[in-house]
Every structure is written in C-alpha cells, then in structure tokens.
Ligand SMILES: Cc1cc2nc3c(=O)[nH]c(=O)nc-3n(C[C@H](O)[C@H](O)[C@H](O)COP(=O)(O)O)c2cc1C
C-alpha cells in the first residue's frame, strides 16, 4: 500500500513515521539508518556541538542514505542555535525546532524557505507555532518523554484536540511503539507519528547493548517510571524554578525546568537532562531505564531498525485490512 499523508508529501518520506531527537545519541549514522527504511531520520544538532561539525554530519548523512532526514534544534540544549540553523538553511534540510515557543528562530526560518516543523508538549504552543508559520507541528503526549509540561495531555486527547484545532498537519508522539499505536494515532487524525523510545531499542541506536536491553526490560507498571513520566512536577520545585526565570540565562533556566518536569531531585544542576544517561544508577541495576517513555510497554526485544519500521507498517496494513472487512460484513 502507498502511504500518502500531508506529512509524507511535505517531507518526501515513504512512511509517515519520524525518528525522535536525542541529546547525546541523535547521530547522523542513526538518522541515515532510519531514513533508509523509508521513515524520516533526524539528526540532533546538539550532538555535534559546533556548526562545522553539524555541517559535516549533514553531508555524511546525505552520502549514506537516499532517504530523507532533518535536523532537530532544541531550545535550551542546542549550543549556538542560531548558527546551527544557518547550517541547516545552507544545506537545505528540514528543521525541527523543539520546546516551548520557537519565536527566536521563526523569522529566520520563514525567510529561508526551509521546511519547518515545531515540536511541543502543549497544544497552546503548537497553535502558536502555526501562527508563526510552521509547516507542521509535533505534539508529544503525556506518555512520552522529553520536554515535559504540567499542562501536557495524554496522547489520545492531545491528538484528538489537535485535529480539531490545528489547520497545519500534525504528528502525534508519546508512548507509540507498535502498529496498533501507529494506526490509533492516524485514526485520531494525525498525519504521522514520531517515536523516540521505540527507535532506541534497535541495533542501530548508538546506545550500549546493556542500556538497550534495559529499555526493553523496563516495566511500564514500575511506580518509579510511572512517576517520572506521568506525575506533575513537585509544586515546590516548580515554584522555585519559575521564580528563577529572570535571574539566570534562558538556556540554563530551560534545562533546570526540564529537570523539574522530569522529577530529578538534583534539578538545580546546570546539565542537559537528556544527556544524563548515567541517571540509571539512581534506580539501580534492576530498576527501569531512566530515559524512556511508557512506550516500553509495547517493546519486546532489540531489533534492526528496518524490522521495527517494517513490522509497524505491515502490522498497520493488516489492521486496516481487517477494519475494511468489518465495514463490508
Ligand atoms: C534519551 C532521549 C533523549 C531525548 N532528547 C531530546 C532532545 O534533545 N530534544 C528533543 O526535542 N527531544 C528529545 N527527546 C524526545 C524525543 O525526541 C521524542 O519527542 C519522544 O521520545 C517521543 O516520545 P516516546 O519516547 O514515547 O516515543 C529525547 C528522548 C529520549 C528518549
């Protein structure tokens, strides 16, 4: 079956499946492996630290795959974000901005004409990005990980509301990791899905083997994981970080806010939360992985990325065939 949605049309990928961004591990090689499957690969600019290294990564990725990919620019995490954007513009690659409001880069992106997707946790911020001229938005529901927000809604409700309120195409993310989640999100009106956690449990993800095994072993019923992913932030820590908004540089403040939202007790550290894979230690060897979403509930084993995308697409097609049969009975 040919998968044609507003997102496959916009990005030119074969399937409406996007790779998530990853501080620390969103490399060009990983993006190329995802792009090779027909999904949309994503290089995370913060991994490359300087504009020159990002330019090199984009060129290597272009040589390595005939598939399509873009670059994630995360506010608060990506260093020299304006210069990183210039690299994306000069190489003509789609840009995914992430977190809160993208006002600081919007004008330059629009003037350049590169394809622009903004990712946010709140529908409010997605609507704001639409007004600024984004070509599409990604909405990460509560079940997901990264850039949490106290006003985040579960993926089911967020996607359904996004469909009603947004005019531009939208991508659903948060807790999706198999064919059922894929079809479910498309049924709610999404034009594509994005997966972060599920793509990490693949051979090509540049995480250690032990960390990947831990991801697939993680139990979504573990109260620590559920607390990290689902609970609102500690009100006292949240109040304190909001009070600090004007007193510290914006990037540093955003990182602290993210750590509060992820319930890290050491939220006042000035570190990139997504880079702290050593946080596994806090929960011990047998605890769940600290860096995943509730998508772990549908992951069974570490597999090649081609198998993940292939299984999801075939599984989705089977579900759609069954649904067509129900209609004709
Ligand atoms: C280890 C890890 C690091 C991440 N780092 C970033 C990041 O730097 N920037 C960003 O926009 N999103 C980041 N994310 C979020 C993902 O890009 C994606 O939005 C999220 O994983 C989707 O939810 P899911 O994991 O349930 O699929 C990260 C996710 C993980 C698991």
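Here, each number is a calculation from the coordinates, and none is a lab measurement. Note that the coordinates shown come from a computational prediction; the quantities given were computed from them, not determined experimentally. With ideal geometry, Cβ positions are generated from the backbone for all residues, glycine too; neighbour counts draw on all protein chains shown.
For the stretch 153-271, just run the numbers: alpha carbon Rg, then divide by 2.2 N^0.38 Å, N being how many residues it has.
The value comes to 1.27.
Per the helix-only calculation at 222 nm, which mean residue ellipticity applies to the chain, given -39500 (n - 2.57) for every DSSP H run of n ≥ 4 and division by its residues, nearest 500 deg cm²/dmol?
-13500 deg cm²/dmol
Which Rg and Dmax, in Å, describe the Cα atoms of the stretch 27-113?
12.1, 33
Distances over 25 Å make up what percent of all Cα-Cα pairs in the chain?
Percentage above 25 Å: 47.
Report the full-extension gain for the segment residue 298 to residue 203: residue separation times 0.36 nm, less the Cα-Cα distance, to one decimal in nm.
Going from the current span to full extension adds 32.5 nm.
How do the peptides 116-123, 216-223 rank, highest first, by the average count of neighbouring beta carbon atoms within 10 Å per residue?
116-123, 216-223
With bins 5 Å wide starting at 0, give me the P(r) of the stretch 114-158 over every alpha carbon pair, in whole percents.
6, 26, 30, 20, 14, 4, 1
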